[in-house]
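Please read the structure below before turning to the comments.
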Amino acid sequence: QVQLVESGGGLVQPGGSLRLSCSFPRSIFSIYNMGWYRQAPGKQRELVADITSSGSTNYVDSVKGRFTISRDHAKRTVYLQMNNLKPEDTAVYYCNAVHRNSEYWGQGTQVTVSS
């Protein structure tokens, strides 16, 4: 069993920035496709961004140009840099790891954008 550990959430004003981190505790990190999802109250969980094992990225339209997903294979960590945050970005953010039939989730970290 793999336990993903997220950090970096918090309260930020509109226009501010946060960086989320997700650590993967095993050396096979490099073969997993990694993603960040979010779920706002009363809404379905949605994919925010993902990055393949080779580094190709994908973003939901609402965060393009503001969020950047990256991964550090040496640190076995995936990041989500979030700039120009908006109130509608408020949600619990979850880290996800997928490889073939294996899928793991983090416990979630709260991001609140409010003045």
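Among E46, E6, E88, E103, the sequence by solvent-accessible area, most first, with a 1.4 Å probe is E88, E103, E46, E6. For the chain, what relative contact order do you get, as a whole percent, if you take Cα pairs closer than 8 Å and at least 6 residues apart? Here the relative contact order equals 37 percent. Other residues within the sphere of radius under 13 Å centred on the Cβ of G35, judged by their own Cβ, net out at -1 (K and R +1, D and E -1).
With the charge dipole of the chain set up from +1 on Lys and Arg Cβ and -1 on Asp and Glu Cβ about the Cα centre, the Cα lying farthest toward the positive end among the listed residues G42, P87, P25 is that of P25.
Each distinct pair of alpha carbons in the chain adds a 1/r term; the inverse of their mean, the Kirkwood radius, is 14.1 Å. A 1.4 Å probe run over the protein chains yields, for the chain, 53 Å² of accessible area per residue, whole-number rounding.
Placing unit charges on the Cβ atoms only, positive for Lys and Arg and negative for Asp and Glu, gives the chain a dipole magnitude near 160 debye about its Cα centre.
The values are calculated or read from the model by the stated rules, or taken from the named source; none is laboratory data. Everything numeric in this text was worked out from a predicted model, so none of it was measured. Backbone-built Cβ (ideal geometry, glycine too); neighbour counts: all protein chains shown. For the accessible areas, the whole protein counts, side chains as well, though only heavy atoms, and no ligand, DNA or RNA atoms are used. Shrake-Rupley method; radii C 1.70, N 1.55, O 1.52, S 1.80 Å.
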